[in-house]
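Following: one structure in structure tokens, then a few remarks.
The values are calculated or read from the model by the stated rules, or taken from the named source; none is laboratory data. Note that the coordinates shown come from a computational prediction; the quantities given were computed from them, not determined experimentally. Every residue, glycine among them, receives a Cβ derived from its backbone with ideal geometry; neighbour counts consider all protein chains shown. Areas reflect the complete protein model, heavy atoms only, side chains present, ligands, DNA and RNA absent. Shrake-Rupley method; radii C 1.70, N 1.55, O 1.52, S 1.80 Å.
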Amino acid sequence: MSAVIEVSREGMVATVMLNRPDRMNALNLPIWHGLAEAFTTLNADDSLRCVVLRGASEQAFAPGADITEFGGAMKGPSLSDVQDMMENSPKPVIAAIHGTVLGGGLEVALCAHFRVAVPSAKFGLPEVNLGLLP
């Protein structure tokens with residue numbers, strides 16, 4: 001798997017963990033590539049019953065997109081591609097949410113079939129303040 005995506009398995013449950021070195025898990029191209037690779041592999045595995053998606057950081061599930069990549073040319077899978085893979089997964093995808101989940105991170109969580117969150121989780125779509133649609 002990708003250096004920023006860790007996949008583990010316990011019985012019939014796979015866990016996909018967002019694990020950027022900066023510990024905030026802002027969504028960037030390596031995360032898109034890693035998620036696409038992980039869901040391609042996991043969706044094809046008939047022995048799995050479900051997939052749990054979580055962030056490794058205690059601070060954030062995914063605080064949104066990495067703004068340093070805005071305006072650049074997309075190479076490989078896009079946010080929409082990964083969202084489609086999650087939404088169309090033949091296995092239930094569960095987003096285990098903690099910390100901060102904003103913008104694109106919340107969009108990813110909403111693509112999961114189910115979401116669970118700790119009481120202290122904070123959600124938001126700050127791009128609407130700029131007149132952008134999520």
If amide hydrogens are placed 1.01 Å from N in the peptide plane, which non-local residues have theirs closer than 5 Å to the one on Leu53? Val16, Ile94, Ala95, Ala96
Add +1 for every Lys or Arg and -1 for every Asp or Glu among the other residues with Cβ under 9 Å from the Cβ of Gly99, and state the total. 0
Leu125 versus Ser80: modelled label distance in nm, points set 7 Å from Cα along the beta carbon direction: 1.7 nm
Quick check: residue separation of Arg49 and Glu10 times 0.36 nm, minus the Cα distance between them. What number comes out in nm? 13.0 nm
Within 14 Å, Cβ to Cβ, of Cys111, how many net charges do the neighbouring residues add up to if Lys/Arg are +1 and Asp/Glu are -1? -2
In nm, the gap between the two label points placed 7 Å beyond Cα toward Cβ at Thr41 and Glu58 is 2.9 nm
Pick from Leu29, Leu79, Leu18: which residue has the top mean-square fluctuation in a GNM of the chain where Cα pairs under 10 Å get a spring? Leu29
For the stretch 80-85, take each phi angle, set θ = phi - 60°, evaluate the Karplus expression 6.51 cos²θ - 1.76 cosθ + 1.60, and give the result in whole Hz per residue in order, putting x for glycine and proline. 4, 4, 5, 4, 4, 4
If each K or R counts +1 and each D or E counts -1, the residues other than Val13 whose Cβ falls under 11 Å of its Cβ total +2
So how many Å³ per residue does the convex hull of the Cα atoms of the chain work out to? 104 Å³
Result for the chain: accessible area per residue, probe 1.4 angstrom, in square angstrom, of 53 Å²
Reported to the nearest 10 Å², His33 has, with a 1.4 Å probe, an accessible area equal to 80 Å²
Provide the solvent-accessible area of Met17, counting protein heavy atoms only and rolling a 1.4 Å probe, rounded to the nearest 10 Å². 40 Å²
A 1.4 Å probe over the protein heavy atoms gives the chain a carbon and sulfur accessible-area percentage of 58 percent
